[in-house]
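Derivation of every value follows stated rules applied to the coordinates shown; laboratory data play no part. None of these values were measured; they are calculated from a predicted model. Cβ atoms come from the backbone with ideal geometry, glycine included; neighbour counts cover every protein chain shown.
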Amino acid sequence: MRLFDFFKKRSSDAELIFESSESERISSTQALRLSAVYACVNLLSQTISTLPFNIYERTENGSQKAIKHPLNKLLSIAPNDDMNAQIFLATLVSTVLLKGNAFVRPIRARNGAIIRLDLLDSDAISIDINAKKYYYTSDQGVVAFSYKELVNVLFTPSANGIKGLTPIAQCQKTLGLSTAIDDSGTAFFKNRAMPSGVLSFDAKMSDAQFDEIRKSMSAGFKGKNAGRLMILEAGGKFSQLSINNADAQFIEVKNFQIADIARIFRVPPHLIGELSRATFSNIEHQKIDFIDSTIRPLCESIESAFAHRLLSESEQEKFYFKFNLAGLLRGDMKSRFEAYNLGRNMGVYSANDIRRLEDLNEIDGGDIYLQPLNMTEQGAKDERNNNEINKI
């Protein structure tokens, strides 16, 4: 396999790469310097932070947004004075991916109502499983919180269900290899390990002639003069050299590492710019799989954590948190209106329901739901036909 041939041909480099991944721990800050890690974290955090996130109320007529609930304004506008709702969610998701846990502290009024949501520094929190306590270290000292006092959002739980596992900590070898490859590539091109060409002469030159030719070539064909016509004399010959990426396989190794990091974060490679294996026929299916397998679990982790710690036991029976993923599943206009038409004819949507989904104003008489004439409850008599028969 060509990829492994790369390491066979450069055994000393391979040993250096794997030694780096074993001996040096890659922190979340260092991991973010890898373009693939940055792209994955940015993609997931920005995608989720732009989704509508609301608190809903269960009623006799179905669920509806709990507009009057104190948490509604915090989630839709600003959870605290420092962050708006979008920045708050983006920071929360980024923290979960890079640190394993994100901790939110609800600030309550005297009557128990939540008036602010503060995002705490995960690095400043230690967990005591036996005491069921969180210890938060700040400039004011150490503060102990019970499990009930903080919202603990984690994506991949550890065996104890409290401490989250982060891809950065669990996949050190992969990130170490990617870091070493980047460092090796940077050093190679920075040091210009391979010259652009070779100039040779049949006769041996003196030191003075050698220096004169070198200065002449540098002044006449470097920088803005690159590409000018070269005239050689005294039997001089110029042979151009170039880096053969197909032979060195540097690009192939880079693409492999991008796909490997994308796998860690469960992100389709084409969404972070790795298009070598993407086709128009499978990209749409990969997007749906990305929403179901990656975005939805992250959203449900946040929903469950918020409901568990921000709602009282009585409120949990009546209220719940929900991300609206419908916007991510929207297809092109033709596909959307074909689906609307099907739902309209089945009596699922009214005209105003469809207009609201398209951010259009409602119309008079638009709340009527249609019912196909040839459909009725199984086993029920057709009263319309009976009435017509009775008239006869």
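Structure notes:
- For GluC sites (Glu not before Pro), the sites in segment 23-112 that DSSP calls loop and that have at most 11 other Cβ atoms within 10 Å are 60.
- Note on segment 56-183: with charges restricted to the Cβ of Lys and Arg (+1) and Asp and Glu (-1), its dipole about the Cα centre is near 620 debye.
- Estimated inter-spin distance, residue 170 and residue 158, nm [label 7 Å along Cα→Cβ]: 1.3
- As a rough footprinting exposure proxy, the listed residues 368, 115 were ranked by other beta carbons within 10 Å of their own, and the order from fewest upward is 368, 115.
- Per-pair calculated FRET efficiency, R0 = 22 Å: residue 65 and residue 296 via Cβ, rounded to 0.05: 0.60
- Listed from fewest to most Cβ neighbours within 10 Å, the set 138, 301 follows the order 138, 301.
- Modelled spin-label separation between residue 86 and residue 73, with each label point placed 7 Å from Cα along the Cα-to-Cβ direction: 2.2 nm.
- Exceedance of the 32 Å cut-off in Cα-Cα distance is limited, within the set 99/334; 133/318; 99/287, to 99/334.
- Global geometry of segment 291-381, whether rounded, prolate or oblate, following the gyration tensor of its Cα atoms and the 1.5 cut on a/c: prolate
- Residue 260 paired with residue 357, simple spin-label distance in nm, labels 7 Å along Cα-to-beta-carbon: 4.4
- Cleavage-rule hits, GluC sites (Glu not before Pro), segment 306-363, DSSP coil, Cβ neighbours within 10 Å at most 14: 317, 358, 362
- Whole-angstrom gap from segment 50-73 to segment 318-349, using each part's C-alpha centre: 18
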